[in-house]
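Derivation of every value follows stated rules applied to the coordinates shown; laboratory data play no part. Everything numeric in this text was worked out from a predicted model, so none of it was measured. Note that we place each Cβ from the backbone using ideal geometry, even for glycine, and neighbour counts take in every protein chain shown.
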Amino acid sequence: MLDIRSLKREIRIVGWDDAPFDKHDKTVRIFGAIFRGGSWMDGLLSTKIRIDGDDATKKIASVLNETRHKKQLRIIMLDGITLGGFNVVDLEKLHKETDMGVIAVSRKMPEFLKIKRALIKVRDGGKKWALIEKAGAPVKMEISGRSIYYQSCGINRKDAADVIRLSSTRALIPEPLRIAHIIASGVVKGESRGRA
């Protein structure tokens, strides 16, 4: 379990989001924006994962374990527990392989019934659903009177909420995720659109 008792304003966080993709694409690029708290961007990482595949956990862990930023990074943030469609991230495995706390943040409470129904149509849907269940029920928290949800591993709930609050400096969503989304959208579409 990550110890963040002496939580610093400049804790190093990497926020991952996927780029927009077309239904005919086989892979999608994902981007990791490295931040000091919610104030300064220190770097950018990227890799490709298979759409609806099962390689997101492995690819993210590999990139993080090889980056020169590794020694300073403490927290991995994800824009939800799935990237690239239904490429489900195994939060526990990602924590163990990187020795970092993992926090999956969602603007809205995931619609688990719809997700479960959709997974029936996807290869290895049962395994993917098991990973979602293993991550546990999302925790609701408030920032400036608005609700967001998170799932975490390798960091206790209070510390996870503190990290989310600390890094949500310009919007409801933490800055590492907001910027990863802007970059991912802008690189692929030529101009950023939507919100994380």
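Some notes on this structure:
- Modelled label positions at LYS189 and ASP55, each set 7 Å beyond Cα in the direction of Cβ, lie 2.6 nm from each other.
- The stretch between ARG170 and ASP25, if pulled fully straight at 0.36 nm per residue, gains 48.9 nm over its current Cα-Cα span.
- A DSSP coil position with no more than 15 other Cβ atoms inside 10 Å describes the following trypsin sites (Lys or Arg not before Pro) in segment 1-86: ARG5, LYS8, ARG9, LYS23, LYS26, ARG68, LYS70, LYS71.
- For MET77, nonlocal amide neighbours, meaning residues 5 or more places apart or on other chains whose placed amide H falls under 5 Å from its own, are VAL14, GLY15, TRP16, ILE103.
- Projected area, mean over directions - segment 6-120, Cα convex hull, nm²: 7.8
- Rg/Rh (Cα only; Kirkwood hydrodynamic radius) as it applies to the chain: 0.93
- Net charge of Cβ neighbours under 11 Å - reference ALA56; Lys, Arg +1; Asp, Glu -1: +1
- Relative contact order, whole percent, for the chain stands at 26, derived from Cα pairs under 8 Å and 6 or more residues apart.
- Members of LYS58/LYS116; LYS8/LYS93; LYS58/LYS96; LYS114/LYS158; LYS23/LYS108; LYS26/LYS71 lying beyond 21 Å, as alpha-carbon distances in this model show: LYS58/LYS116; LYS8/LYS93; LYS114/LYS158; LYS23/LYS108; LYS26/LYS71
- Measuring nothing but alpha carbons in segment 111-170 and taking Rh as the Kirkwood radius, the Rg to Rh ratio lands at 1.09.
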